[in-house]
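A short write-up of the structure that comes next.
What follows is calculated from the coordinates using simple rules that are stated; it is not laboratory data. All values reported here derive from a predicted model rather than from experimental measurement. Positions of Cβ are backbone-derived with ideal geometry, glycine not excepted, and every protein chain shown enters the neighbour counts.
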Amino acid sequence: MAKLTIDKNLNTDNTPSTDNTPTTDNTHRRRQASQSSRRLGPLARSLQAATLALAGAALSTQALAEHDVKLGLMLPYSGTYAALGESITNGLKLAIEQEGGSLGGHGVEYVTLDSEANPSKAPQNMSRLVKGDGVDVVIGPVHSGVAMGMLRVAKQTGAITIIPNAGLEAATNQLCMPNVFRTSFSMWQNSYPMGQVAYDQGHRKIVTITWDYAGGKEDLAGFEQAFTDAGGEIVEQILVPFPSTEFQTYLAQIASIAPDAVYTFFAGGGGVGFVRDYAAAGLNDSIPLYGSGFLTDGNLGALGEAANGVQTTMHYAETLDTPQNQAFVSAYQEAYGEAPDTYAVQGYDAGKLLAQAYASIDGEPDREALIAALEAVELDSPRGPVSFSASHHPIQNVYLREVRDGEHHVTSIASEQLEVPDSACPMKS
Amino acid sequence: MLHRYPKRVTVLLLAGLALLIAYPAWGPAVFGESSAFFMEKLTLMLIFALFAVSLDLLVGILGLVSLGHALFFGLGAYTLAMASPDFSAASLWWMLPLVMLVSGLVAAIVGLLVLRTKGIFFIMTTLAFGQMLFYTVSTSSMTGGTDGVFIMFRPSLAMGETPLIDLDNPLTFFYFCLALLVAVYLILRALTRSHFGQVLDGIHDNEHRMQALGYATTGYKLIAFVVSAMIAGVAGMLAAMQYGFANPAQLGWHHSGEVLMMVILGGMGTIFGPILGAFAYELLLYFYEHLTNHWPILMGLTIIVAVLVLPKGIAGLLLDPPGRQASLLGRLGGGKDNLAKGRQTSASDSDGKSVGKSAGEVSS
Amino acid sequence: MDLAFFGVQLLNGFQYGLLLFLIASGLTLIFGIMGIINLAHGAMYMIGAYLAFDLTQRLGNFWLAILIAVPIAVLLGLVIERLFLDTLYKRDHLYQVLLTFGLILVLNEAQRIIWGGDVHSVALPEPFTGAIALTDNLQYPVYRLFVAAVCLVLAGAIYWIIRHTRLGIVIRAGAVNREMVEGLGINIRTLFTLIFSVGVALAAFAGMMAAPLSSITPGMGDSILITCFVVVVIGGIGSIKGAFFGALLIGMAETFGPVLIPSLASMLIYLIMALVLLIKPRGLFA
């Protein structure tokens, strides 16, 4: 089992992704393909002319590509989130490398664009990839605010978009669209299972704390829903001004309330700061700390002993003891000389998703066919089996992990093949 | 500003305008398939140019350096987002005045407070107010918080039931933004050459003297502040219209810093300079981003070099080419003459009290 | 709010305020004496934290790391001052704002190239690894008390130097009238270089002291910068005493604000700043 002390930082609002390992066979089930054809935009230009002569030939083997597939990567490569962008890119490229560097026999061309994690630039950046560079598929972003800007353009242009991280709920609910898929998670999906776990472990009164921003509040909402449904009570919800990492005043507040436990969402530097301060204040002796996986993911090295005993839920753990995950971890380690993190898995699954979809298309991989193929993909991912809901969100396992001696130990599957609420998604019939 | 620009500047501006107007004729030939994208990019530059021009009224003409001007840009964007109906297009006849009203009103209130301060204190108070709105929008669920908010339908421009122009058409929208920029430019140029402009100019040079001459300088400054904010609000509204998206990042102080850079790069106090600055800044950024993932270093160095060797910006080069001594326009753009006035100093005495000339007066 | 809780929060506010003072003091010195607005001050705070992390890892000793990191920070300040600021003294604040804005971009990206984007931490150094019990379930790390003490000592030292030493007289004189100081045969350029280097090193030193307290992340200086500007402006720009009390005020506001009026927590300090400037447009101690 690879032990990971990954030092990837994630700042505020990103979270890990899902990834799927490649399935090499063709047993994809076709699901609701017709739904996706509702909104056909004028995309897919470069694929149109492709492979007429070869139509009918088996693409999954070694069909000659007349047309490369252009993948537009809109991820942060500068600034605070750059490490995440790099992990996702590494994972994605590894997946496609493993497929012989091609997607269903088509060569692959990458166009990378630094999203700067800047939401106000997101629409123009997305527009540049789609209209300026003419990419076939956009992969991005990390940041939920950027995702909103991208989705706006994805809606206007119909560009096929795969979100390898951003966890905003709306992307696969209110704002879902046929051309947008997600290989990561939603804030809700990671935190909801913890509500029942905390209740089952005997806690009845809990304080929740996060940053006062959209991602944190969505995460807390998932936990609070499950915990109160089970019969527990949220005695206080604390919202810390974003991106402050000065937690002393809140720790004193928690101590004076003295709840049964604390549930938190912080990520990156905030996660490290909070967990360390929590331990330094001695609170972990009397009040157990629960959190979303981002609290400790990529932070174990910086956290040291302070993280011992912290329990989190997450759709992946680098220590997952499955052959798929072990194969992935060692392949990644070999390719990049470092252990993969959750983001790498999310990128990897985005690559496998594309590979399987392209490989399954008989005939011309136009936009419609590609969407149908993407919907039908089932991934045998390092994180476990992954399929996609009607709103194109991953249906996946969420694991309960406990930090012991600088490692995530997977205690149990907190929720098996969990589907997220998507009743506001028009694609859900 | 009372100065007439040399003919070469006028020619250059008109040539630039003609080039933009004729984009449909040459764009596709030059950019091929990407031509539609570059037109979008140009539209965005026009919007930023409008934003930069509005700031020039404060920074260049009045000598008040604001580090919170994005407040009004974002206010315009969010006013549109909040006032737009969910399932149909709003009317621009309503939206444009509404945005101007809201920006103007907020500017009047903020202006009354911040205009009491000068120099660095003005920089800091404008920053503070910008951050206040930034946090209000970032934490409110009504505005979508940090994720931002969609505007599903672009406002339409119709006479009764008959659409006048189709703003959904990118080319039409491009021309619409261009027309607005030209109109605002002409208005501001007329304004700065009017008596009102002379008074602003006088305040820039020496506010006490203007007060001694009997001018209610605060009133003049407030009007300029409000006008500037209204234009910035319209720019923000256009930006939100272009992609149908508003986000708190549009309000942040980094955005204020960027637009300030556009003003300086172009040449402040000239009105036309910041337009060139907006184009230059965006083009540089586009170029650097293509060059390397570490583009912030290049951008940072460019800013530093521009400040050190090109304090009057591109406009300074045009108005006063190297080798030609034109002192007439020396004070435009805070060039050396202006700067030589310099700060007098502010100081700490032993127990830390500020003594001497206050820093606040330094930059006025 | 019971008394114990109030007492704990008072301690928190005091300690945080003192740390803010340490960062803000350099900012206000540089402005007060040299008339330079240094937006890159927060970036220096970040670099201080990364230096502490990097050198502690290499040397295995936090105190040794600081001993080496401080001269590095001074040197960096010296280079920046000589390279970029020389021409800026006589210019409008606008240019200082922009140049140092450019410096932020450069320093932040340089950080990423040198140290990468990962989150790091520094272990609490000996002999301050312990904690004292405040209430039955809450402890307070001794290191935080140590940092508070260091900040207090430095505040006293800066005050004393400016008030009671020959150097202080020169600094004060230089701030008021440069020509006079030059007439006395003192090189004002050297003086300015010294002040800038020390001011910048104070920010970096604050970053080093804060390193074991929290997490070390890219961009950590950006948010602290704005807070420090608020401190300096409230206190009165250029005033050490103002920075001290401004920092304590903001420290208390950020500690008690979230408990008493959570809905305003994120903008409270800006509201305070606006209020102060409304009443005293040049800050409390100007």
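Computed on the stretch C:136-233, with alpha-carbon pairs under 8 angstrom and 6+ residues apart, the relative contact order is 14 percent. Cβ screening of the protein assembly as shown for cysteine pairs under 4.7 Å finds these without a partner: B:Cys177, C:Cys151, C:Cys228.
Does anything in the stretch B:85-124 have its amide N under 18 Å from the 7 Å Cα→Cβ label point of B:Asn169, and if so which residues? The answer is B:92. Have a look at C:Ser266, B:Leu55, A:His392 and report the one farthest towards the positive end of the charge dipole of the protein assembly as shown, computed about the Cα centre with Cβ charges (Lys/Arg +1, Asp/Glu -1). About the Cα centre, the residue reaching furthest to the positive side is B:Leu55. Look at the alpha carbon pairs under 8 Å that are at least 6 residues apart: their mean separation over the length of chain C gives a relative contact order of 38 percent. Selection among B:Tyr243, B:Leu71, A:Val235 by position relative to the dipole of the protein assembly as shown gives B:Leu71 as farthest towards the positive end (Cβ unit charges, Cα centre).
Shielding value for A:134-147 is 2, the average number of Cβ atoms from other chains within 10 Å of each residue's Cβ. Net charge dipole, the stretch A:188-314: roughly 80 debye, given to the nearest 20, about the Cα centre with Cβ charges of +1 for Lys and Arg and -1 for Asp and Glu. In chain C, the longest principal axis of the Cα atoms and the axis of helix C:220-235 are about 70 degrees apart.
Of all complete DSSP H helices in chain B, those with a Cα span along the helix axis of 18 Å or greater and a mean Kyte-Doolittle hydropathy of -1.0 or more are B:7-21, B:35-56, B:70-83, B:92-114, B:119-139, B:170-193, B:217-243, B:253-266, B:272-291, B:295-309. State whether the stretch A:188-314 is rounded, prolate or oblate according to the following rule on the C-alpha gyration tensor (a ≥ b ≥ c being the square roots of its eigenvalues): a/c under 1.5 gives rounded; otherwise a/b larger than b/c gives prolate, and the remaining case gives oblate. Taking the square roots of the gyration eigenvalues as a ≥ b ≥ c, the stretch A:188-314 is rounded.
Take the Cα of A:Lys205, go 7 Å toward its beta carbon, and the backbone nitrogen atoms of the stretch A:288-325 under 16 Å from that spot belong to A:288. Counting Lys and Arg as +1 and Asp and Glu as -1 over every other residue whose Cβ lies under 14 Å from the Cβ of B:Ser66, the net charge comes to -1. Taking trypsin sites (Lys or Arg not before Pro) in DSSP loop conformation with at most 12 other Cβ atoms inside 10 Å as exposed sites, chain B has its longest uninterrupted site-free stretch at B:5-323.
Taking the Cα centre of the protein assembly as shown as the origin and placing charges on Cβ (Lys, Arg +1; Asp, Glu -1), which of B:Phe37, A:Thr312, C:Phe285 is farthest toward the positive end of the dipole? The residue sitting most towards the positive pole is C:Phe285. Determine the shape class of the stretch A:282-429: with a ≥ b ≥ c the square roots of the Cα gyration tensor eigenvalues, call it rounded for a/c under 1.5, and otherwise prolate if a/b is greater than b/c, oblate otherwise. In terms of gyration-tensor shape, oblate. Charging the Cβ of each Asp and Glu at -1 and of each Lys and Arg at +1, and nothing else, the dipole of the stretch A:344-397 about its Cα centre rounds to 280 debye. Using the Cα gyration tensor of the protein assembly as shown, with a ≥ b ≥ c the square roots of its eigenvalues, what is the shape: rounded (a/c below 1.5), prolate (a/b larger than b/c) or oblate (neither)? Taking the square roots of the gyration eigenvalues as a ≥ b ≥ c, the protein assembly as shown is oblate. For chain B, the relative contact order works out to 28 percent when only alpha carbon pairs closer than 8 Å and six or more residues apart are counted. Exposure proxy for A:His392, B:His208, A:His409, A:His203: other Cβ atoms within 10 Å of each Cβ, ordered fewest to most, give B:His208, A:His409, A:His203, A:His392. Each of B:Leu127, B:Leu55 was scored by other Cβ atoms within 10 Å of its Cβ. Arranged with the fewest first, they read B:Leu127, B:Leu55. Full extension of the chain between B:Phe87 and B:Arg189 gives 32.7 nm of extra length, using 0.36 nm per residue less the Cα-Cα distance.
Give me the angle, in degrees from 0 to 90, between the Cα long axis of helix C:188-210 and the longest principal axis of the Cα atoms of chain C, rounded to the nearest 10. The helix C:188-210 is inclined about 10 degrees to chain C.
Net charge dipole, chain B: roughly 1300 debye, given to the nearest 20, about the Cα centre with Cβ charges of +1 for Lys and Arg and -1 for Asp and Glu. This ranking places A:Tyr332, C:Tyr89 by how few other beta-carbon atoms lie within 10 Å of each, fewest first, which gives C:Tyr89, A:Tyr332. For the protein assembly as shown, the share of DSSP beta bridges that are antiparallel, to the nearest 5, is 45%.
Using the rule -39500 (n - 2.57) for each DSSP H run of four or more residues, divided by the residues of chain B, the 222 nm mean residue ellipticity is -21500 deg cm²/dmol. In this structure, A:Arg404 and C:Gln57 have a Cβ-Cβ separation that, at R0 = 25 Å, corresponds to a calculated FRET efficiency of about 0.55. If you line up the long axis of helix C:41-59 against the longest principal axis of chain C, both from Cα atoms, how many degrees apart are they, to the nearest 10? The helix C:41-59 is inclined about 70 degrees to chain C.
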